[in-house]
Amino acid sequence: MSVESFISQRCHAVDASGIRKVFDLGAKLTDPINLSIGQPDFDVPDAAKAAAIEAIRSGRNGYTLTQGIPELRARIEAALIDEFGPLGDARVLVTSGVSGGILLSLMALLNPGDEVVCLDPYFVIYKHAVRLLGGVPVFVDTYPDFRLHPDRIEAAITPRTKVLILASPSNPTGVVLSAEEMKQAADIAERHNLILISDEIYCQLSYDGTAPSGWREARHRTLLLRGFSKSAGMTGWRLGYAAGPRPLIEAMTKLQQYTFVCAPSMVQYAGLAAMDVDITVHVDEFRARRKFVHGALRDYYEIVRPGGGFYFFPKVPDGYASATAFVERAIENGLLIIPGNVFSERDTHFRISYAAEQSVLHRGCDVLRRLARP
Ligand SMILES: Cc1ncc(COP(=O)(O)O)c(C=O)c1O
């Protein structure tokens, strides 16, 4: 008997081979120049650590309310009211990371065959979560500028389209959509009766002013997803939140009850503390690194200057068969980066993360400049 034969078709619908190949190759390196990391290189703020420790010590170790501890929800609501004004009918759900919010929202929304429009390149979970749930991801190519192209989105919409999902600032491109683009996305959602999911996990990591939120325009049909992984360095702690129309949040809460149950208790107390921490020093540091990397590579690569997050998504130079081939060459030279096909239906670009120390960025950019002319 082979257990392999028991694995569901659903599971086979997910292909993780691209990224695995990179990690397998990277594992052979002794001192890699690692520009592949999708998490901040700063630690969780002390206030958040202290709050988690205090929560554990004082016995707050049980299940919490499914929707999250009242103190954290109240704090999130206060922040949202500050930013957007009265919440009206909107509700908040504390989730296990933004990933938890993505999965719950798609579970709550999709019937088999329903289509979800994703801007390509996309955050990798969207495609796989949609497929796991029997939905169909429909990719709208945004190359070469990675901006919102309303005409292309309109062309991808069919009677089965139910959701438009976008991330700004984006992973992997770092592009921040303008207020005008957010309005265009909301208008499309309105015109075609779609739910808009606005993934704003990088909203605090924005370097040319505040990143416009997708929750401003069509709030009655928009789900806002935000989290603590990138802004508070809490990737391993699994905390995020969803805010949106009451029926959707209620459906997600019901599903959370039978899946995640609740976000980890002590982490919710940590999140409450993290919300009061000023992260300006980290934002300034990332802005400086963006400048450095852009300056180092712009004469060597076709590259879009990102407005947020901590990624660049340059085009692979002519002469390489694919981004995968380019990344293999980079790894032979000690540099770990991610090929574009992990985030895209194309394999023409690669992702660099600048969540790495200056010395590592220097070494990485040196290798990339050498590889620019194959
Ligand atoms: C655009 C985007 N959304 C969501 C996530 C998932 O974040 P979390 O750690 O909160 O699940 C990531 C993480 O890389 C991301 O880049």
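Summary table
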{"read-out": "Residues satisfying the stated conditions in segment 298-311, i.e. in a loop (DSSP other than H, G, I, E, B) and within 20 Å of Pro339 (Cα to Cα)", "value": "Arg298, Tyr300, Tyr301, Glu302, Ile303, Val304, Arg305, Pro306, Gly309, Phe310"}
{"read-out": "Wholly within segment 1-71, helices (runs of 4 or more DSSP H) carrying at least 2 residues that are in the same structural domain as Phe123 (by TED's automatic domain parsing) and over 30 Å from Pro247 (Cα atoms)", "value": "46-57"}
{"read-out": "Residue list for segment 149-167, filter: over 23 Å from Tyr301 (Cβ atoms) and in a loop (DSSP other than H, G, I, E, B)", "value": "Ile157, Thr158, Pro159, Arg160"}
{"read-out": "Flag for Ala270 being away from the ligand (no atom under 13 Å from the Cβ), of a type in the set (Gly, Ala, Ser) and assigned to a helix (DSSP H, G or I)", "value": "yes"}
{"read-out": "Answer from Gly364, Gly295 - the residue that is touching a strand residue (DSSP E or B) at 6+ places or on another chain (Cβ under 6 Å) and in a helix (DSSP H, G or I)", "value": "Gly364"}
{"read-out": "Any hit, segment 242-249, residues being near the ligand (Cβ under 10 Å from one of its atoms), touching a residue at least 40 places away in the same chain (Cβ under 8 Å), in the same structural domain as Ile197 (by TED's automatic domain parsing) and closer than 24 Å to Val283 by Cβ", "value": "no"}
{"read-out": "Candidates Glu332, Glu345, Glu357, filtered to the one that is surrounded by fewer than 17 Cβ atoms within 10 Å (Cβ to Cβ) and closer than 19 Å to Tyr143 by Cα", "value": "Glu345"}
{"read-out": "Failed item in (1) part of a loop (DSSP other than H, G, I, E, B); (2) crowded, with 22+ Cβ neighbours inside 10 Å; (3) polar (S, T, N, Q), with Ser198 passing the rest", "value": "(1)"}
{"read-out": "In segment 101-126, the residues that are surrounded by fewer than 24 Cβ atoms within 10 Å (Cβ to Cβ), within 15 Å of the ligand (Cβ to nearest atom), of a type in the set (A, V, I, L, M) and within 22 Å of Gln184 (Cβ to Cβ)", "value": "none"}
{"read-out": "Top-ranked residue in segment 222-235 [being farther than 16 Å from Ala51 by Cβ and surrounded by fewer than 24 Cβ atoms within 10 Å (Cβ to Cβ); ranked as farthest from the ligand (Cβ to nearest atom)]", "value": "Thr235"}
{"read-out": "Selection count where residues are under 23 Å from the mean Cα position of the chain (by Cα) and either more than 16 Å from the ligand (Cβ to nearest atom) or surrounded by fewer than 15 Cβ atoms within 10 Å (Cβ to Cβ) (or both), scope segment 34-54", "value": "4"}
{"read-out": "Residue in segment 292-311 that is surrounded by 21 or more Cβ atoms within 10 Å (Cβ to Cβ), modelled with pLDDT of 95 or more, within 14 Å of the ligand (Cβ to nearest atom) and at positive phi present", "value": "yes"}
{"read-out": "Hits in segment 72-100 (condition: in a helix (DSSP H, G or I), within 16 Å of the ligand (Cβ to nearest atom) and either farther than 20 Å from Asp276 by Cα or β-branched (Val, Ile, Thr) (or both))", "value": "Ile76, Val98, Ser99, Gly100"}
{"read-out": "So Asp284, is it among the acidic types (Asp, Glu) and within 21 Å of the chain's Cα centre (by Cα)", "value": "yes"}
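Listed here are the residues, each with its yes/no results for (1) surrounded by 24 or more Cβ atoms within 10 Å (Cβ to Cβ); (2) free of Cβ contacts under 8 Å to residues at least 40 places away in the same chain; (3) more than 12 Å from the ligand (Cβ to nearest atom).
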residue	(1), (2), (3)
Ala129	no, yes, no
Asp145	no, no, yes
Thr158	no, no, yes
Gly174	yes, no, no
Gln184	no, yes, yes
Pro212	no, no, yes
His220	no, no, yes
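The values are calculated or read from the model by the stated rules, or taken from the named source; none is laboratory data. Note that the structure is predicted; figures quoted are calculated from it, not measured. Backbone-built Cβ (ideal geometry, glycine too); neighbour counts: all protein chains shown.
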